[in-house]
Each structure stands twice: as C-alpha cells, then as structure tokens.
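Presented below is the structure to which this report refers.
Just so you know, all these numbers are worked out from the coordinates, no wet-lab data involved. Quick caveat: nothing in here was measured; it's all calculated off a predicted structure. No Cβ is skipped: glycine too gets one built from the backbone with ideal geometry, and neighbour counts run over all protein chains shown.
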2 protein chains.
Amino acid sequence: MGRVTCNISISVDGFVAGPNQSLEDPIGQGGMRLHQWAFDTASWRAQHGTGGGERNVDSEVLDAVVADVGAYVMGRNMFGPGRGEWDLSWSGWWGEDPPYHVPVFVLTHHPREPLVMQGGTTFNFVTGGIEQALEQARAAAGDRNVDVPGGAQTIQQCIRAGLLDELWLHIVPIVLGAGERLLENVGEPVLEPLDVIGSPAVTHIKYRLSH
Amino acid sequence: MGRVTCNISISVDGFVAGPNQSLEDPIGQGGMRLHQWAFDTASWRAQHGTGGGERNVDSEVLDAVVADVGAYVMGRNMFGPGRGEWDLSWSGWWGEDPPYHVPVFVLTHHPREPLVMQGGTTFNFVTGGIEQALEQARAAAGDRNVDVPGGAQTIQQCIRAGLLDELWLHIVPIVLGAGERLLENVGEPVLEPLDVIGSPAVTHIKYRLSH
C-alpha cells in the first residue's frame, strides 16, 4: 500500500501563507514568494504544461515528490473560494488541464458531482471528512501514494489524526512575519528526518512521521 | 574582521524554548529535548570538559561553529535568573569552568565587575545595549568571530539591528507546540542558505544574513 505524503513550501519562520488571504490574494501578502523556487524549475513547468525552467536539485526534488502519487486529497479552500453551496461554474484555480493528472478528492460539506478535467485530473467531492477522503483516495491510488497538498488546516487534520506518513518541508529563506502556520494544532507527532537536500533557493527536508 | 554568528537549536515548529520557563526549568517544559543531539556529541562533551560522546556529523558541525569564536555576547537571562541588582554569589549556570573559554559579554541594566572564571572564560557586564556589547566583543575577538548564543530576545535584537551575519539553525525533529519563538520581531532580513547538513537527530542549515 502506498504512503500518505505531503510536500509544502514554508518560510523559515514557519508560515505556509502570508497574512490577509483573499480571493485576489489566495496565499496572502508575500505568500507567492514561497513558491518562486518551484516556478523556476523544469519539473513544475512540465507538470503545468509549460516548457523551460531550471534542471537543478530543486527540480529533481519536485520530480521525486510527485513521481509516485496516485491521488490527491485537498481542502475546499485550496480548490476554490467560498464556504457555502457550490458555484457550479467554478472548476478550480488551474484552468482546463490542472497539474494533478490523477484523481483529486476535495473535502467539502456540500455534495457535488465529480468534475472530469483534461489531462487525467478528476475532482471528486467528499463530504465524510478527512478519513473518508483518504480512504477513497487510497482506493483510487492503489499501490501509489496519496499526497495532501493543502491547505494548512487539512494537513493539520491529517497529522493530528495520525494519518500522514511523510512530510517534505521546502524551507524557503524568507521571513514572512505573519500569516498561516503549518505546524500548530498537530498534536505531538514523532518526526524522523529521512533526507535533506539544499540549494541556494530552498532547503528540502523529508520527514517520516509516526504517532 | 570576524563575523557575528549565532547557532541555536530550534524545534521544527519554530521554538527555541518550551513553555513555562522558570528557575527550575530555564528552557521551559520539553525544552531540554532541543539539546539532546548536542549532549550526545564528542564536541559538546569536550567543550564541557567531559569525555566520550559520538564523533558524527553533528559533532563536526558543533566543532565548526565554535572553532573560530573569539568572544560571545549573551542576554542576561542566559547568564542567570532575575532582573534587578546582581546577586554577586551568582557566577552563571556552568560552574567554575564554563564552556566558553573566551571573553563573554553579558547584556544587563546593572553594572558589575568582570568575573574571571577558569579555563579562559571571563564574564564582562555591559550596560550600553547590544551595539556596545558587540563592539566590545569584536575588539576582544580580533579577527575571530563573535557568537551570540542567546537568549531568543538577544538574537532577535541582533537580527533586527542588522548586526547578525550568519545563523546556524539546528532544526530538531520535535513539535513543542508552545514556548519561545526565535524568528519573530526580526524585521525582514534577507537569508541565503550556505550549507545544509543532515543526521537522523537534527538538520543543520547555515544562513548568511543581509539587510
């Protein structure tokens, strides 16, 4: 059976989004700087259907973290804004061909029919909570991994429930000073560093979690 | 001229001390776990005049961070408890032969004569603030570095004032959940990762700071 993984960019002071998140600024003020290192890689650009980019250790890490992913589980806010009934014209932030290319399970309180996108991505909407979403994702992924890209609260739920097996932190050398923290309300997981890879842009640490 | 450096153990969720610090528990509940990796090294034990310990990459990092230190600057709370006039019977937490072996400059609001200890350590008490303490420490260190071991508020002052050149974070794979954070109220320093070294116990990242 595959593992449940997460890989996420985090500032050196522990934030995964800047302050004042909004529809116009979904990862908060300054938050986009957390992802610049990824945007610059060949791996990210290939996943998003654009060419070019750097072939460096950061690109290799991004290749590795998605290589064996058979399904994703994400929170509602990562899929789209709002909290109530679905606006059925909304199909995610990523256009017609999202960068996932496998089934994605979106946590929500509001049922919605699956959305089949181009390139292998299907968004499935799960109303039974994180455990049900992971169960469905595991079934879809088979022997491959289930990755939980975010948001922070969804990752926290996974860690707190003892359901996350591996966490890649991409530690970006910026101080955001405020915003949304990743590692709070997560209980007391036991972490073990499995790998560490550095570049001038970011430091990647892979942890195994146990509980 | 030497650099102003800091090296400090920090939990993966950003704390350098646990909650509820007290005279009996000066680094807070659970805070001692931040330092266990260091206690286990041959380098730490040699600095503290005890034998044995592991000769591993963590020990090599500790050797490197103290190799070129010619003076230290520390906050009053790191030297001893209390805030008012000095109890002259107090000579630090470390016994007759403290692990510094060079001049140490202690920030305080209350003048006190220098304390000459065994093994090369002299504690000097500076009432003119962080800039004056660093100036005196630089003069004492000559071409060697000045290290700022703590506490957190003293390190924050240095970063905020643009006076810290290098920061080694020893990221310990534990979640403390509460306590004293290192990287808050530090302004917006520009960090550049210079080196990253991992072991099963801890991940060391060396940053260059500019402002």
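With θ set to phi - 60°, apply the Karplus curve 6.51 cos²θ - 1.76 cosθ + 1.60 along the range B:53-63 and write out the HN-Hα couplings as whole Hz, x wherever there is a Gly or Pro.
x, 7, 9, 9, 5, 5, 5, 5, 4, 5, 4
Scan around A:TRP168 for amide H atoms under 5 Å from its own, H built in the peptide plane at 1.01 Å from N, and keep only partners 5 or more places away or cross-chain.
Placed amide hydrogens put A:CYS6, A:ASN7, A:ILE8, A:TYR207 under 5 Å from A:TRP168.
Rounded to a whole number of µm²/s, how large is the Stokes-Einstein D of the range A:1-48 at 4 °C and 1.567 mPa s, given Rh as the Kirkwood radius over C-alpha pairs?
After rounding, the answer is 105 µm²/s.
Along each principal axis of its Cα atoms, how long is the range B:149-211 end to end? Whole angstroms, biggest number first, please.
34, 28, 19
Would you mind ranking B:VAL126, A:VAL104 so that the residue whose beta carbon has the fewest other beta carbons within 10 Å leads the list?
Working: B:VAL126 20, A:VAL104 26.
Ordered from fewest to most neighbouring Cβ atoms within 10 Å, B:VAL126, A:VAL104 come out as B:VAL126, A:VAL104.
For a footprinting-style exposure proxy, rank B:SER89, A:SER210, A:SER91 by other Cβ within 10 Å, fewest first.
Listed from fewest to most nearby Cβ atoms, that is B:SER89, A:SER210, A:SER91.
Restricting the count to DSSP beta bridges whose residues both fall in the protein assembly as shown, what percent are antiparallel, rounded to a multiple of 5?
Rounded to the nearest five, the antiparallel share is 45 percent.
Of the DSSP beta bridges with both residues in the range B:60-135, give the percent that are antiparallel, rounding to the nearest 5. Display every interim value, and only then the final one.
Values: 2 of 10 bridges.
Within the range B:60-135, antiparallel bridges account for around 20 percent of the total.
Rank these for me by crowding, B:TRP37, B:TRP94, B:TRP86, A:TRP168, going from fewest to most other beta carbons within 10 Å.
Lowest to highest Cβ neighbour count: B:TRP94, B:TRP86, A:TRP168, B:TRP37.
Give a residue-ordered list of calculated ³J(HN,Hα) values for the range B:30-37 (Karplus: 6.51 cos²θ - 1.76 cosθ + 1.60, θ = phi - 60°; whole Hz; x for Gly, Pro).
In residue order, the calculated couplings are x, x, 4, 5, 5, 10, 4, 4 Hz.
Between B:GLU188 and A:ALA67, what is the spin-label point distance in nm, taking each point 7 Å from the Cα along the Cα→C-beta axis?
3.8 nm
Label chain A by shape, choosing from rounded, prolate and oblate, from the square roots a ≥ b ≥ c of the eigenvalues of the Cα gyration tensor; if a/c is under 1.5 it is rounded, and otherwise prolate applies when a/b is larger than b/c, oblate when it is not.
rounded
Could you pull the Cα extents of the range B:1-111 along its three principal axes, largest to smallest, in whole Å?
That works out to 43, 35, 28 Å along the principal axes.
Separation between the A:ARG160 and B:HIS35 pseudo-spin-labels, each 7 Å from Cα along Cα→Cβ, expressed in nm?
That separation, rounded to one decimal, is 3.3 nm.
Whole-Hz Karplus ³J(HN,Hα) for the range A:181-192, in order, using 6.51 cos²θ - 1.76 cosθ + 1.60 and θ = phi - 60°, x for Gly and Pro?
Each residue's phi maps through the Karplus curve to give 8, 8, 9, 9, 6, 10, x, 10, x, 9, 10, 9 Hz.
For the rotation bringing A onto B, which A residue has its Cβ nearest the axis, and at how many Å?
A:GLY14, 2
Would you mind telling me the antiparallel percentage of the DSSP bridges in chain A, rounded to 5?
Roughly 45 percent of the beta bridges in chain A run antiparallel, per DSSP.
From the Cα gyration tensor of the protein assembly as shown, with a ≥ b ≥ c the square roots of its eigenvalues, which class applies: rounded if a/c is under 1.5, or else prolate if a/b is larger than b/c, or else oblate?
Taking the square roots of the gyration eigenvalues as a ≥ b ≥ c, the protein assembly as shown is prolate.
If you take every residue apart from B:ASP143 with its C-beta less than 12 Å away from the C-beta of B:ASP143, what net charge results, scoring Lys and Arg +1 and Asp and Glu -1?
So the surrounding residues net to +2.
Please give the calculated 222 nm ellipticity per residue for the protein assembly as shown, where each DSSP H segment of at least 4 residues contributes -39500 (n - 2.57) and the sum is spread over every residue; nearest 500 deg cm²/dmol?
So the helix-based figure for the protein assembly as shown works out to -6000 deg cm²/dmol.
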